[in-house]
2 protein chains.
Amino acid sequence: MISKKTKYAINALVYLAKKNDNTPILISEIAEHEHIPQKFLEAILLDLKKDGILASKKGKGGGYFLLKSPNDVNMADVMRLFDGPIALLPCVTYKYYQKCEECTDEESCGIRSVFLEVRNQTVKLLKKATLTEIIHRGN
Amino acid sequence: MISKKTKYAINALVYLAKKNDNTPILISEIAEHEHIPQKFLEAILLDLKKDGILASKKGKGGGYFLLKSPNDVNMADVMRLFDGPIALLPCVTYKYYQKCEECTDEESCGIRSVFLEVRNQTVKLLKKATLTEIIHRGN
DNA sequence: TACTTATCCTATCTACTTTATAGAGTATTG
DNA sequence: CAATACTCTATAAAGTAGATAGGATAAGTA
């Protein structure tokens, strides 16, 4: 299961992407509309900003808006940002790789083979799932 | 990521399946060979027994052995037993279904559509991954 | 029956993570 | 300067993962 943080992030991003104009949107507006605790959402949006997906503006008329194109924001990246690796086993991740201590030869590990296939399929589907794609699929 | 409990369970099951004879194997033997804390493994094997995958025998000459055929034990079932749902969102699970509070129409939810596809693909691959298949893949 | 073996059961513990809240700080606008 | 709205730091409650301890129960053996 993905964390609420990731779920909130996705909901917020979709909300922002649907407003195709790039005028800043208030945190409070997103929080209210998407039923997210505002203070919690603040931290989430900040992370998305640090990652270069969003940008913000302070003061009156401020808020958050998409920096990247909705075409370039996919679910794999968002999930990795908040929940870490997508793979189900440490030995089939790229960035968080960790060897199984009892494993002598990964190439001949049947378990690894299965979970590598699952990971590759999942990442492929999640990479295709951009904000544009999600909005397009709705309706 | 799957929990260590699930990982340990898979390792233990593969170990038992590789001994194709159905003579009881000691917990201590599995624990030692697979580097699993013995007391922790006891609880895991007990769960697998309650689920009908393993059977046990007490006293001298006792231990655990496969009750189901290695053909009929797949990774989807094992993961569900220990880690719960395979799906990444509560609204795309079967047994643990939960509606998103803000969602008005699931059929038109683009997010749900994406994660339903991921779930279906994952379950399909994990169901195919039986103990027999895993051993076969490991040359 | 008494002893040994090995699973079964219950309780508990520590550390970590998730989710969330509070409050003060900082930059921008008018 | 005052209002607005994002930014930062600290903290706390709740839940979960991973592991350990100790005794209860059942089965075989002499």
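The values are calculated or read from the model by the stated rules, or taken from the named source; none is laboratory data. Computed from a predicted structure; not experimentally measured. Cβ sites come from the backbone with ideal geometry, for glycine too, and all protein chains shown count toward neighbours. For the accessible areas, the whole protein counts, side chains as well, though only heavy atoms, and no ligand, DNA or RNA atoms are used. Shrake-Rupley method; radii C 1.70, N 1.55, O 1.52, S 1.80 Å.
For region A:87-113, which positions are at the interface with chain B (Cβ under 10 Å from one of its Cβ atoms) and among the β-branched types (Val, Ile, Thr)?
Scanning region A:87-113 gives A:Thr93, A:Ile111.
Could you look through region B:25-45, keep only residues that are more than 9 Å from DNA strand C (Cβ to nearest atom) and more than 19 Å from the chain's Cα centre (by Cα), and pick out the one that is nearest to A:Cys103 (Cα to Cα)?
Filtering region B:25-45 for residues that are more than 9 Å from DNA strand C (Cβ to nearest atom) and more than 19 Å from the chain's Cα centre (by Cα), the one nearest to A:Cys103 (Cα to Cα) comes out as B:His33.
For region B:13-30, does any single residue satisfy the condition of being in a loop (DSSP other than H, G, I, E, B), open to solvent by less than 70 Å² (accessible area, probe 1.4 Å), within 10 Å of DNA strand D (Cβ to nearest atom) and farther than 15 Å from A:Gly110 by Cβ?
Yes, region B:13-30 contains a residue that is in a loop (DSSP other than H, G, I, E, B), open to solvent by less than 70 Å² (accessible area, probe 1.4 Å), within 10 Å of DNA strand D (Cβ to nearest atom) and farther than 15 Å from A:Gly110 by Cβ.
Tell me yes or no: at least one residue of region A:44-57 is exposed (fewer than 12 other Cβ atoms within 10 Å of the Cβ), free of Cβ contacts under 8 Å to residues at least 12 places away in the same chain and outside the structural domain of A:Lys127 (by TED's automatic domain parsing).
yes
Those residues that are within 16 Å of DNA strand C (Cβ to nearest atom) and within 18 Å of A:Ile27 (Cα to Cα), I need them from region A:55-98; list them, please.
A:Ala55, A:Ser56, A:Lys57, A:Lys58, A:Gly59, A:Lys60, A:Gly61, A:Gly62, A:Gly63, A:Tyr64, A:Phe65, A:Leu67 - these are the residues of region A:55-98 that are within 16 Å of DNA strand C (Cβ to nearest atom) and within 18 Å of A:Ile27 (Cα to Cα).
Please specify each residue of region B:58-74 satisfying the condition of being more than 14 Å from the chain's Cα centre (by Cα) and either assigned to a helix (DSSP H, G or I) or loosely packed, with under 14 Cβ neighbours inside 10 Å (or both).
B:Lys58, B:Gly59, B:Lys60, B:Gly61, B:Gly62, B:Ser69
Given the conditions (1) at pLDDT 95 or above; (2) facing another protein chain (nearest Cβ under 9 Å); (3) more than 15 Å from A:Val14 (Cα to Cα), and given that A:Leu116 satisfies all but one, which numbered condition is not satisfied?
Answer for A:Leu116: the failing condition is (2).
For region A:11-24, indicate whether the set of residues that are within 13 Å of DNA strand C (Cβ to nearest atom), among the polar types (S, T, N, Q) and facing chain B (nearest Cβ under 10 Å) is non-empty. Step through it out loud before you land on a result.
Start the filter on region A:11-24 by keeping residues that are within 13 Å of DNA strand C (Cβ to nearest atom), which leaves A:11-12, A:23-24.
Retained after the next criterion (residues that are among the polar types (S, T, N, Q)): A:11, A:23.
Restricting the remaining residues to those that are facing chain B (nearest Cβ under 10 Å) gives A:11.
Yes, region A:11-24 has at least one match.
For region A:37-74, how many residues meet the condition of being within 8 Å of DNA strand D (Cβ to nearest atom) and of a type in the set (S, T, N, Q)?
Final tally of qualifying residues: 1.
Pairs needed: first member in region A:125-138, within 7 Å of another protein chain (Cβ to nearest Cβ); second member anywhere, open to solvent by 20 Å² or more (accessible area, probe 1.4 Å); C-beta distance under 7 Å; at least 6 residues apart or different chains.
Once the first residue is within 7 Å of another protein chain (Cβ to nearest Cβ) and sits in region A:125-138, its partners that are open to solvent by 20 Å² or more (accessible area, probe 1.4 Å) give A:Leu125/B:Glu117; A:Leu125/B:Gln121; A:Leu126/A:Ile86; A:Ile135/A:Lys18; A:Arg137/B:Ser113; A:Gly138/B:Ser108; A:Gly138/B:Cys109.
Can you tell me which residues in region A:75-98 are touching a helix residue (DSSP H, G or I) at 6+ places or on another chain (Cβ under 7 Å), open to solvent by 10 Å² or more (accessible area, probe 1.4 Å), within 16 Å of DNA strand D (Cβ to nearest atom) and part of a loop (DSSP other than H, G, I, E, B)?
Scanning region A:75-98 gives A:Leu88, A:Tyr96, A:Gln98.
Condition test on B:Ala55, is it touching a strand residue (DSSP E or B) at 6+ places or on another chain (Cβ under 7 Å), among the hydrophobic types (A, V, I, L, M, F, W, C) and not in a helix (DSSP H, G or I)? Full working, then the answer.
On the way: touching a strand residue (DSSP E or B) at 6+ places or on another chain (Cβ under 7 Å): yes; among the hydrophobic types (A, V, I, L, M, F, W, C): yes; not in a helix (DSSP H, G or I): yes.
Answer is yes for this residue.
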